[in-house]
Structures are given as C-alpha cells and as structure tokens.
Amino acid sequence: MTKTDGRRRLYRSEDDRLLAGVCGGLGDYFNIDPVIIRLAWILFVLVGGSGLWAYLIAWIIVPRQPVDLEQM
C-alpha cells in the first residue's frame with residue numbers, strides 16, 4: 001500500500017508484476033495476495049472475456065508506481 005499525503009493511492013506495482021503490475025498494485029492497495037486477484041482475473045477472462053477488457057482498461061488508467069515510492 002502506498003501513501004501520499006495521508007491517502008492510499010492505487011498504482012501498478014513495479015515489484016510484484018507478471019505482465020503490467022495491475023494485479024500486484026491491486027493486491028497492495030487492498031492488502032491481499034495478488035495471486036487471488038490474478039486467479040479472479042483469469043476466471044473472468046474464461047467466463048465471457050470481460051476480464052481481458054477490464055485488465056487492459058486498468059493497464060491504461062492506473063498509473064505506474066512512482067520511483068520515490070518504490071524505496072519506501
């Protein structure tokens with residue numbers, strides 16, 4: 001979980017990433033294991049394909065983790 005100005009911020013993870021860091025960032029934000037989010041995303045991809053679109057949109061919308069926050 002990254003904090004700036006006392007608020008939690010959602011970023012794509014630079015440390016825990018397989019493709020774009022979206023699941024790692026969501027896991028960090030919600031304080032849960034990113035593997036659970038990855039499995040849910042795979043389930044949504046297999047059931048109708050909505051997970052693929054959601055991942056691509058999140059990849060575009062969610063910003064990268066700033067370099068100075070990686071050191072924290």
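The values are calculated or read from the model by the stated rules, or taken from the named source; none is laboratory data. All values derive from a computational prediction rather than experimental measurement. Because the Cβ atoms are built from the backbone with ideal geometry, glycine has one as well, and the counts that use them run over all protein chains shown.
One table, with the values for the structure above:
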{"read-out": "Filter pass, D28 being in a loop (DSSP other than H, G, I, E, B), at negative phi and among the acidic types (D, E)", "value": "no"}
{"read-out": "Scan of region 31-49 for residues that are part of a helix (DSSP H, G or I) and of a type in the set (G, A, S), ordered by number", "value": "A40"}
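Matching residues to (1) farther than 13 Å from L19 by Cβ; (2) modelled with pLDDT under 85:
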| position | (1), (2) |
| --- | --- |
| N31 | yes, no |
| I36 | yes, no |
| W41 | no, no |
| V47 | yes, no |
| G51 | no, yes |
| L56 | no, no |
| P63 | yes, no |
| D68 | yes, yes |
| M72 | yes, yes |
